[in-house]
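In what follows, a single structure is set out as structure tokens and then discussed.
The values are calculated or read from the model by the stated rules, or taken from the named source; none is laboratory data. Note that the structure is predicted; figures quoted are calculated from it, not measured. Positions of Cβ are generated from backbone atoms using ideal geometry, with glycine treated the same way; all protein chains shown enter the neighbour counts. Keep in mind that these areas ignore ligands, DNA and RNA; they rest on the heavy atoms of the full protein, side chains included. Shrake-Rupley method; radii C 1.70, N 1.55, O 1.52, S 1.80 Å.
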Amino acid sequence: MYKNDTIMKKIIYNVSLGIIFLLAVMLNNSCTELIDESFTDINVDEYVYSEDDILVIVNSAYGDWRKILLLWNGLWRTQEVGADEIIIPARPNGWVDAGEFKRMHLHTWNATDPQVINNWTRTYEGIENCNRVIDEVEADEYPMEEADKISAIAQLKVLRASYYYILCDIYGNVPIVEHSANFLPEGYLPEQNTREEVFNFIINEIKNNLPYLSRKNDISTYGKWNIWAARTLLAKMYLNAEVYTGTPAWEECMEQCDSVMANNVGIILENDQKAVFETENEDSKEIIYGISIKADLMTDWNTFDIHFQTLQPVQQATYDLTLSPWGGMCAIPQFINSFDPDDNRLTRNFIIGQQYSSDGTPLLAGLGAYADSLLIYVNDVPNIDYSEAVHGYRFGKFEIAMGSTNILENDYPLFRYADVLMMKAECLLRTGNSDAAAELVTQVRRRAFTSNPEKAIVTGADLLSRTPVYDYGFKETRDGVYNFIDQNIEFEYARFLDELGWEFNQEGRRRQDMIRFGVFHLVDYLSHDHNVSAEFKTLLPIPDSELNKNPNLSQNPGY
């Protein structure tokens, strides 16, 4: 009945976990990681597949987005720690880790660094999972109605396109593989495609499958690629088209944004930004595509542990955490200084000042030179090579629920409506309509200035400013004293890049935004060791391990 034993084992396994997975994904809005087991008590020749079983099989390709984005040294760190908002300095309890975090900050990574390897391997694992299910469905391995088959394949191809979006953004020139290993010749080695070819593949895959995606926006499509998520991904591709291909596509991006903005399925801007990031956020009207997370269904230790990576160990008592956090990463002080003091995205997205236990007892730092002093987070990081427990504001954009484990249960909003508004605004700005752009930016800002509403208003002239609010520059040491050297840099639409930072901090995207504005390789922040002439650093190198396995691959220029 089945074409190979490998497929049979996967089908038996998927069916056996079907009820668990379906309840988790379709009712509790969660994704899962499946543990490899053998089930030998089902006669697959006699098994009658239900609609739920088929959903389980199709849904099995979705879990890789979480792994790619949030697991240790993955996409989130790549987009944030190499940019101008977040740093992981050496701490009294470690965080040196063979210098890998310092290399991310200084843009001195190499083709054997963990994030270089992880982004590649994890993303291709996601592509392989998509290919496997697509191949099996197209080969009629599962009894499906033709309409359901077309819908499933469309959804999976857009999911696969979203994985290629990661590769296009991070590596550029990568192989396009459209079949799983079980459906390819033994020893197959893919050819390398150009970045423009990958871009065109993604665009075509999404556009060709849009007619077959659901227009619903409810529990049946939550965490799935419906038409609204797909159009948002298309907008994101067009927004970065000039980077990816050399040719801008601002009008095409606006067209997709307009389609999402005209939705009649309840996708709107939340009145309170925190509603997007609270623990029970699956009902947020702003989330267009959410990555679902449930701690009791996750098996990866680092499933979603940003709170553990940022909080000092003694703050276990603040949130009654089941384990002690590790206290490493924090905000870069210059970024914090760019916020208006009345912007509640500063006070509500970051953990600042004196820290307390859940019963109100002031906490002591507990580590290093400040061990017996009050834990008061200050907006200062002396150096990438040295910091104490008190140095740097910590991250609290995602609500940290009382009693949390090392896994936060907030769903991760990969795409949200504020992003659509800001993409439309950026395109308007870049095509000469700065006043219309300012209206959209003001709309997003209004919820951040509730105590002083007049400050929410920006003008077209504001957005055209070439002078960033962010005070780029670096610290240098002379006779043991740190001095700040102002870079005095200007660039086109600098104020708009500031706006993106204030709204989307901690959301795993800053590197991409900086590259689009042409400053990722040009500006200094905290440390003066960035190679300001190294434009090739806008792409990661292809891992040496992949080059050694496949002679058809060539390294990205500059590495």
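Any idea how many residues of the stretch 491-548 are among the basic types (Lys, Arg), open to solvent by less than 10 Å² (accessible area, probe 1.4 Å) and farther than 21 Å from Ala448 by Cβ?
Within the stretch 491-548, residues that are among the basic types (Lys, Arg), open to solvent by less than 10 Å² (accessible area, probe 1.4 Å) and farther than 21 Å from Ala448 by Cβ number 1.
Scanning for something among the acidic types (Asp, Glu) and under 18 Å from Ala161 (Cα atoms), does the stretch 228-245 turn up at least one residue?
Within the stretch 228-245 (the criterion being among the acidic types (Asp, Glu) and under 18 Å from Ala161 (Cα atoms)), the answer is no, since none of the residues qualifies.
Can you give me the number of residues within the stretch 191-224 that are outside any loop (DSSP other than H, G, I, E, B) and farther than 30 Å from Glu146 by Cβ?
Of the residues in the stretch 191-224, 5 are outside any loop (DSSP other than H, G, I, E, B) and farther than 30 Å from Glu146 by Cβ.
Across the stretch 153-190, what is the number of residues that are outside any loop (DSSP other than H, G, I, E, B) and either crowded, with 18+ Cβ neighbours inside 10 Å or of a type in the set (D, E, K, R) (or both)?
Number satisfying all stated conditions: 19.
What's the total number of residues in the stretch 330-346 that are over 22 Å from the mean Cα position of the chain (by Cα) and of a type in the set (Val, Ile, Thr)?
Matching residues across the stretch 330-346 total 0.
Can you name every residue in the stretch 378-433 that is in contact with a helix residue (DSSP H, G or I) (Cβ under 9 Å, 6 or more places away or on another chain) and on the phi > 0 side of the Ramachandran plot?
If the condition is that a residue be in contact with a helix residue (DSSP H, G or I) (Cβ under 9 Å, 6 or more places away or on another chain) and on the phi > 0 side of the Ramachandran plot, then Gly392, Gly403 are the ones that fit.
So which of Asn383, Asn406, Asn410 ends up being modelled with pLDDT under 95 and in contact with a Ser or Thr (Cβ under 8 Å, 6 or more places away or on another chain)?
That would be Asn383, the only listed residue that is modelled with pLDDT under 95 and in contact with a Ser or Thr (Cβ under 8 Å, 6 or more places away or on another chain).
With the checklist (1) assigned to a helix (DSSP H, G or I); (2) among the polar types (S, T, N, Q); (3) closer than 28 Å to Ile336 by Cα in hand, flag the one item Thr123 doesn't pass.
All conditions pass for Thr123, except number (3).
Given the options Asp462, Asp435, Asp419, name the one that is part of a helix (DSSP H, G or I) and either closer than 21 Å to Arg231 by Cβ or touching a Phe, Trp or Tyr at 6+ places or on another chain (Cβ under 8 Å) (or both).
Asp419
Give me the residue from the stretch 111-152 that is surrounded by fewer than 20 Cβ atoms within 10 Å (Cβ to Cβ) and of a type in the set (A, V, I, L, M, F, W, C) and, out of that set, farthest from Asn550 (Cα to Cα).
Per the criteria, the residue is Ala147.
Are any residues in the stretch 381-433 touching a Cys at 6+ places or on another chain (Cβ under 9 Å) and either among the hydroxyl-bearing types (Ser, Thr, Tyr) or under 28 Å from Gly328 (Cβ atoms) (or both), and if so, which ones?
Of everything in the stretch 381-433, those that are touching a Cys at 6+ places or on another chain (Cβ under 9 Å) and either among the hydroxyl-bearing types (Ser, Thr, Tyr) or under 28 Å from Gly328 (Cβ atoms) (or both) turn out to be Val381, Ser387, His391, Gly392, Tyr393, Arg394, Phe395.
Quick grid of which residues meet (1) within 20 Å of the chain's Cα centre (by Cα); (2) aliphatic (A, V, I, L, M):
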site	(1), (2)
Ser151	no, no
Ile170	yes, yes
Ser180	no, no
Thr194	no, no
Asn209	no, no
Asn226	yes, no
Ala229	yes, yes
Leu239	yes, yes
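With respect to Glu503, is the statement that it is under 23 Å from the mean Cα position of the chain (by Cα), under 17 Å from Ala331 (Cα atoms), in a helix (DSSP H, G or I) and of a type in the set (Asp, Glu) true?
It is true that Glu503 is under 23 Å from the mean Cα position of the chain (by Cα), under 17 Å from Ala331 (Cα atoms), in a helix (DSSP H, G or I) and of a type in the set (Asp, Glu).
Hey, among Asp479, Asp411, which residue is acidic (Asp, Glu) and under 24 Å from the mean Cα position of the chain (by Cα)?
Of the residues listed, the single one that is acidic (Asp, Glu) and under 24 Å from the mean Cα position of the chain (by Cα) is Asp411.
Can you name the residue in the stretch 430-470 that is open to solvent by less than 60 Å² (accessible area, probe 1.4 Å) and of a type in the set (Lys, Arg) and is also farthest from the chain's Cα centre (by Cα) among such residues?
For the stretch 430-470, the residue satisfying everything is Arg430.
Mind checking which residues of the stretch 240-278 are touching a residue at least 60 places away in the same chain (Cβ under 8 Å) and in contact with a Cys (Cβ under 8 Å, 6 or more places away or on another chain)?
Tyr244, Trp250, Glu251, Cys253, Met254, Cys257
Go through the stretch 214-248 and give me each residue that's of a type in the set (A, V, I, L, M, F, W, C), open to solvent by 10 Å² or more (accessible area, probe 1.4 Å) and over 30 Å from Val56 (Cα atoms).
Across the stretch 214-248, the qualifying residue is only Val243.
Just for helices (runs of 4 or more DSSP H) wholly inside the stretch 284-375: which have at least 3 residues that are open to solvent by less than 30 Å² (accessible area, probe 1.4 Å)?
Because the criterion is at least 3 residues that are open to solvent by less than 30 Å² (accessible area, probe 1.4 Å), the helices (runs of 4 or more DSSP H) in the stretch 284-375 that meet it are 306-310, 333-337, 344-349.
So for the stretch 530-551 (the condition being outside any helix (DSSP H, G or I), small (Gly, Ala, Ser) and farther than 28 Å from Leu414 by Cβ), does at least one residue qualify?
yes
Any chance the stretch 142-152 includes a residue that's over 13 Å from Ile57 (Cα atoms), touching a residue at least 40 places away in the same chain (Cβ under 8 Å), touching a Gly at 6+ places or on another chain (Cβ under 7 Å) and part of a helix (DSSP H, G or I)?
No, that holds for no residue.
Show the residue pairs meeting these rules: Cβ distance below 7 Å; 6+ apart or different chains; first residue within the stretch 536-557 and free of Cβ contacts under 8 Å to residues at least 60 places away in the same chain; second residue open to solvent by 40 Å² or more (accessible area, probe 1.4 Å) and of a type in the set (A, V, I, L, M, F, W, C).
So the pair list comes out as Pro557/Phe536.
Out of Glu80, Glu85, I need the residue that is within 19 Å of Ile336 (Cβ to Cβ) and touching a strand residue (DSSP E or B) at 6+ places or on another chain (Cβ under 6 Å). Which one?
Exactly one of Glu80, Glu85 is within 19 Å of Ile336 (Cβ to Cβ) and touching a strand residue (DSSP E or B) at 6+ places or on another chain (Cβ under 6 Å), namely Glu80.
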